[in-house]
Amino acid sequence: MRVVRPFLALSVAASIAACSSSPSTLTGTVGTGAGSGSSASTGGSTSKSTSSSTSTSTSTSTSTSTSTSTNASTSTGGGASTSSSASSGSGGAGGAATSASSTGGGSGTGGSSSGPSCPSGDAGIVDTLGSNRDRLLCTYLAYLKANATTPQSNGLSSSNVNTVCDVWSKLDPSSQDVFLTLSARLQGSILGSDGTSMLSHIVKIYRITGGQGATATNPGSCGGGEYNRMIMSMDAHLQAVQLAANNDQGALQSNGKYDIADIPSTSYWRNSHDLGGPHSPFDLSDETNAGAPRGQTQYFSDPTSTLAHMPLMRQDLMTLVDPYAVEMDQDYDCVHNSNPLCTYVTYGQYCLPMTSEVGTAVYTMSYGSFDPSWVPSGC
């Protein structure tokens, strides 16, 4: 299904614009500038901040420069302010202040003028798996350039990625398959109210990680509370629908549809039955009714709460404040291991030993192809 709809908030536009070049050119070198700004965003309020950046360029292609800043926001997406942009607490990206880009050259290191061009901020969302993946990797590049002065646990930082192709090629295979399987599950999860995918309501990626210690030849750890997952930002609509699914506990609605349908026609998203409860600092968790693997999200039940405006204090994102942050992983077995490249035996409904299978094969048996050969457009 291809659904084209406008962005739900200006913060989506700011995030996408952060990896945008001229519409007719490819993304060039992304540099870094210095800026300062302040903003405040609570609940449904709208705030603006102003930053300045100074950069020079010797590139012959249009390139982007990402401004980082010291931000006094109480609702900031990683401490970066936007250049003459607004963030809305209840509009779409949850009021998280996002990094913006300035047109022109960057003073950052290296870079290439090759790679896919990121969509402009006012472009509509094309609700297909490939388009959503391209869009979200652009937001991840923008976040890394604006905030990751220290490498994340997957090795990516502002100094070693300059294009989406850099991001993809430098992710280890475990992290790549985490992105591919989670994005496929979200694309196949459909909101009963409007027929859009969950993935189309994800506005930003903050972190993608596979197994702890993963390399090009080793998937790393199969479990771990900070590994084999993504942490992202969703819009206010998806937060509200997830909350409804949690409250309704998977019941069909008056229109005969689930709040959020899962890929199998008999499965749906509902309140989590995980005895461990939500992952800190989140206070609510949803999961799919079907397992093998079972999808699970963690989020804030009330984006206006004090809790939702505290730093996440999560690996690689210690200072990030985003009341619409959402964490997702998939549990492949009965002890909740989540690495798609590990081998599993107890992935059946009753945790009985079954034929040993790699996680990606378990996913495919249950939900079909996740398009494992996908690469970003232009790479």
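Values quoted throughout were computed directly from the atomic coordinates according to the rules given, and no laboratory measurement underlies them. The model shown is predicted, which means the values in this text are computed figures rather than measured ones. All Cβ positions, glycine included, derive from the backbone under ideal geometry; neighbour counts span all protein chains shown.
Worth pointing out:
- Amide proton proximity set for VAL326, modelled H, under 5 Å, gap of 5+: MET232, SER233, MET234
- On full extension, the segment bounded by ALA240 and SER280 gains 12.4 nm, given 0.36 nm per residue less the C-alpha separation.
- Close amide H contacts of ARG229 (hydrogens built in the peptide plane, cut-off under 5 Å, sequence separation of 5 or more or a different chain): THR209.
- The amide H of GLN253, built 1.01 Å from its N in the peptide plane, has TYR258, ASP259 as neighbours under 5 Å, considering only residues 5 or more places off or on other chains.
- Shape category assigned to region 184-367 from the gyration tensor of Cα positions, a/c cut at 1.5: oblate
- Residue order, fewest to most surrounding Cβ atoms within 10 angstrom, among GLU226, GLU287: GLU226, GLU287
- Sorted fewest first by neighbouring Cβ atoms within 10 angstrom, LYS145, LYS257, LYS204 come out as LYS257, LYS145, LYS204.
- Ranked by how many other Cβ atoms sit within 10 Å of their own Cβ, fewest first, the residues LEU307, LEU352, LEU137 fall in the order LEU352, LEU307, LEU137.
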